[in-house]
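Asker: Got a structure for you, written out below as structure tokens; questions coming shortly.
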Amino acid sequence: MTDKVPAKSAKGSGRPPGDLKELTADRIVDYLKRHPDFLVDNPGLLEILTPPRRSAGNVVDFQHAMVQRLKTENEKLQAAQDYLVTTARANQSIQSRVHDSVLSILRAPSFESMIHTVTGDLAIQLDVDAVTIGVEAGDVPIPKAYAAGIRALPEGAVDSMLGRGRDVLLTGNINGDPRLFGAAAGLVRSQALTRLRASTQAPVGLLALGSRKPDGFVAGQGTELLGFLARALEIMIRQWLHLPG
């Protein structure tokens, strides 16, 4: 393009005429290329500009381009809305599952029944593949009645697995740890671990949930419901074993 646009008079501009560059269509095009949001910041110009009605050669139908852009933005907004709705429904389902799990723990008629509920029934209720309780029991053997669901861990193992000072850890794309999941470790590809502090007079432990889905538990997911489940379990352990807080 070589069409020239009359340059603004330098009179009253506060600058000498020599400082003004000749304003041409090429310069306008170059400026707009370097400032693609110019029309967004100045929407009133759309009311006075006359867009071409059809494409011709390298000239783009401006009106068509704007419609396509709005269509693309609308599709992105719709996709974001669908994601939010799906996420909200998934969160509601998870919340319902956790609440049902807590009620199952509360309904257990004995300590033994509660342990079996946690390490057996909760896997179905929470739609995971393995649920175990790890306890830093040291050399103290786990009673045979609980051996299937409670895993004995060496002292310091919980801090080693969770990280010192951390109460919850979600990890995906892993191989299950036999120390936690025993024979079910081969199924586990993601896990959720949360610290258990039932009492100052009881060894520290953790609640471990394992899923065969590599993205079943991943960093960044919410942990509030998992923490709620663990706190409920702590309270019931403390009450059944008559432990101080």
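Asker: Can you name the residue in region 140-178 that is in a helix (DSSP H, G or I) and at pLDDT 90 or above and is also surrounded by the most Cβ atoms within 10 Å (Cβ to Cβ) among such residues? Before the answer, list the steps.
Answerer: Filtering region 140-178 down to residues in a helix (DSSP H, G or I) leaves 144-146, 157-162, 178.
Next cut, at pLDDT 90 or above only: 157-162, 178.
Values: Ala157: 20, Val158: 24, Asp159: 14, Ser160: 11, Met161: 20, Leu162: 17, Pro178: 13.
This residue is Val158.
Asker: Based on this model, can you work out whether Asp177 counts as at negative phi and of a type in the set (Asp, Glu)?
Answerer: Details: at negative phi: yes; of a type in the set (Asp, Glu): yes.
Yes, satisfied.
Asker: Collect the residues in region 209-237 that are modelled with pLDDT under 90 and among the β-branched types (Val, Ile, Thr), keeping them in residue-number order.
Answerer: Correct list: Val218, Thr223.
Asker: Now, a different point. As an exercise: evaluate Thr200 against (1) among the polar types (S, T, N, Q); (2) surrounded by 17 or more Cβ atoms within 10 Å (Cβ to Cβ); (3) out of contact with any strand residue (DSSP E or B) (no Cβ under 7 Å at 6 or more places or on another chain) and give the number of the one condition it does not meet.
Answerer: The number of the failed condition is (2).
Asker: Quickly run through region 55-77 and pick out the residues that are outside any helix (DSSP H, G or I) and either among the acidic types (Asp, Glu) or modelled with pLDDT of 70 or more (or both).
Answerer: Filtering region 55-77 down to residues outside any helix (DSSP H, G or I) leaves 55-61.
Passing the criteria: only Asp61.
Asker: Let me ask something additional. Go over the candidates Leu229, Leu193, Leu225, Leu209 one by one and state the one that is in a helix (DSSP H, G or I) and over 23 Å from Pro109 (Cα atoms).
Answerer: Values: Leu229 fails: over 23 Å from Pro109 (Cα atoms); Leu193 fails: in a helix (DSSP H, G or I); Leu209 fails: in a helix (DSSP H, G or I).
From the options Leu229, Leu193, Leu225, Leu209, the qualifying one is Leu225.
Asker: Tell me which of these Val128 doesn't satisfy, since it passes every other one: (1) loosely packed, with under 12 Cβ neighbours inside 10 Å; (2) at pLDDT 90 or above; (3) part of a loop (DSSP other than H, G, I, E, B).
Answerer: Going through the list (1) loosely packed, with under 12 Cβ neighbours inside 10 Å; (2) at pLDDT 90 or above; (3) part of a loop (DSSP other than H, G, I, E, B), Val128 breaks only (1).
Asker: If you go through region 203-244, how many residues are open to solvent by 30 Å² or more (accessible area, probe 1.4 Å) and not aromatic (Phe, Trp, Tyr)? Break it down stepwise before answering.
Answerer: Looking only at region 203-244, we keep the residues that are open to solvent by 30 Å² or more (accessible area, probe 1.4 Å), and these are 203-204, 212-215, 217-225, 228, 231, 235, 238-244.
Okay, now just the ones that are also not aromatic (Phe, Trp, Tyr), so 203-204, 212-215, 218-225, 231, 235, 238-239, 241-244.
Qualifying residue count, region 203-244: 22.
The values are calculated or read from the model by the stated rules, or taken from the named source; none is laboratory data. All figures in this text were calculated on a predicted structure; none of them were measured in a lab. Neighbour counts run over all protein chains shown; Cβ positions are idealised from the backbone, glycine included. Heads up: the accessible areas ignore ligands, DNA and RNA and are worked out on the full protein's heavy atoms, side chains in. Shrake-Rupley method; radii C 1.70, N 1.55, O 1.52, S 1.80 Å.
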